[in-house]
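*Asks:* My questions all concern the structure below.
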């Protein structure tokens with residue numbers, strides 16, 4: 001698979017062309033990816049998500065689909081956000097633009113996401129049981145309900161970034 005994000009400060013996850021998905025660790029075995037006996041696989045369901053984000057039932061929880069484009073993606077805990085590398089000359093340039101992008105973003109409507117704990121970000125074509133052998137990123141989120149909002153922003157003349165920000169809601 002081609003790497004679009006250069007090695008740098010962060011660990012970036014890429015897909016083979018379909019959406020990335022963040023599945024709670026507790027329900028990883030229930031995500032079958034592109035495999036399965038059904039006519040519509042989990043991967044097919046992920047590809048049907050319209051917009052920047054969407055939720056899909058997985059086991060007794062839900063997975064967050066990062067839709068739109070299959071951009072290299074990482075997680076910035078200080079901003080509580082998945083950052084999607086759409087265009088930038090370097091990782092440093094992209095990361096330097098994140099604060100301005102967060103401030104200037106025109107956000108889509110929020111969705112509520114209940115999670116039982118940490119999530120794993122990976123290519124939605126893979127099954128949850130294959131993540132240990134595939135490119136993935138573990139995101140150590142606390143259990144609870146999160147407001148999720150998404151946007152694209154252009155913090156610089158040659159920098160475009162997708163943002164999926166998570167905000168933990170009070171009990």
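*Asks:* Hey, residue 88 hits all of (1) in contact with a helix residue (DSSP H, G or I) (Cβ under 9 Å, 6 or more places away or on another chain); (2) within 30 Å of residue 34 (Cα to Cα) but one; which does it fall short on?
*Replies:* (2)
*Asks:* Considering only region 23-54, state which residues are without any contact (Cβ under 8 Å) to a residue 60 or more places away in the chain and on the phi < 0 side of the Ramachandran plot.
*Replies:* Answer for region 23-54, where residues must be without any contact (Cβ under 8 Å) to a residue 60 or more places away in the chain and on the phi < 0 side of the Ramachandran plot: 37, 38, 39, 40, 41, 44, 45, 48, 49, 50, 54.
*Asks:* Moving to a separate point now. What number of residues in region 84-110 are crowded, with 18+ Cβ neighbours inside 10 Å and more than 11 Å from residue 154 (Cβ to Cβ)?
*Replies:* Of the residues in region 84-110, 7 are crowded, with 18+ Cβ neighbours inside 10 Å and more than 11 Å from residue 154 (Cβ to Cβ).
*Asks:* With the condition kept exactly as written, say whether any residue in region 30-40 is at pLDDT 95 or above, out of contact with any helix residue (DSSP H, G or I) (no Cβ under 6 Å at 6 or more places or on another chain) and under 28 Å from residue 60 (Cβ atoms).
*Replies:* Yes, because at least one residue in region 30-40 is at pLDDT 95 or above, out of contact with any helix residue (DSSP H, G or I) (no Cβ under 6 Å at 6 or more places or on another chain) and under 28 Å from residue 60 (Cβ atoms).
*Asks:* While we're on this one: Suppose we filter region 118-164 for residues that are in contact with a helix residue (DSSP H, G or I) (Cβ under 7 Å, 6 or more places away or on another chain) and buried (at least 19 other Cβ atoms within 10 Å of the Cβ); how many remain?
*Replies:* 12
*Asks:* Sticking with this structure for a sec: Name the residues in region 103-159 that are in contact with a strand residue (DSSP E or B) (Cβ under 8 Å, 6 or more places away or on another chain), in a helix (DSSP H, G or I) and over 14 Å from residue 23 (Cα atoms), would you?
*Replies:* 104
*Asks:* So residue 59 fits all but one of (1) farther than 12 Å from residue 121 by Cβ; (2) touching a residue at least 40 places away in the same chain (Cβ under 8 Å); what number is the exception?
*Replies:* (2)
Residues are listed down the side, and each one gets a yes or a no for (1) under 23 Å from residue 9 (Cα atoms); (2) within 13 Å of the chain's Cα centre (by Cα):
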{"residue": "87", "(1), (2)": "yes, no"}
{"residue": "94", "(1), (2)": "yes, no"}
{"residue": "110", "(1), (2)": "no, no"}
{"residue": "143", "(1), (2)": "no, no"}
{"residue": "163", "(1), (2)": "yes, yes"}
{"residue": "168", "(1), (2)": "no, no"}
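The values are calculated or read from the model by the stated rules, or taken from the named source; none is laboratory data. It should be emphasised that the depicted structure is a prediction, and the values quoted were computed from it without experimental measurement. Reconstructed Cβ throughout: ideal geometry from the backbone, glycine too, with neighbour counts over all protein chains shown.
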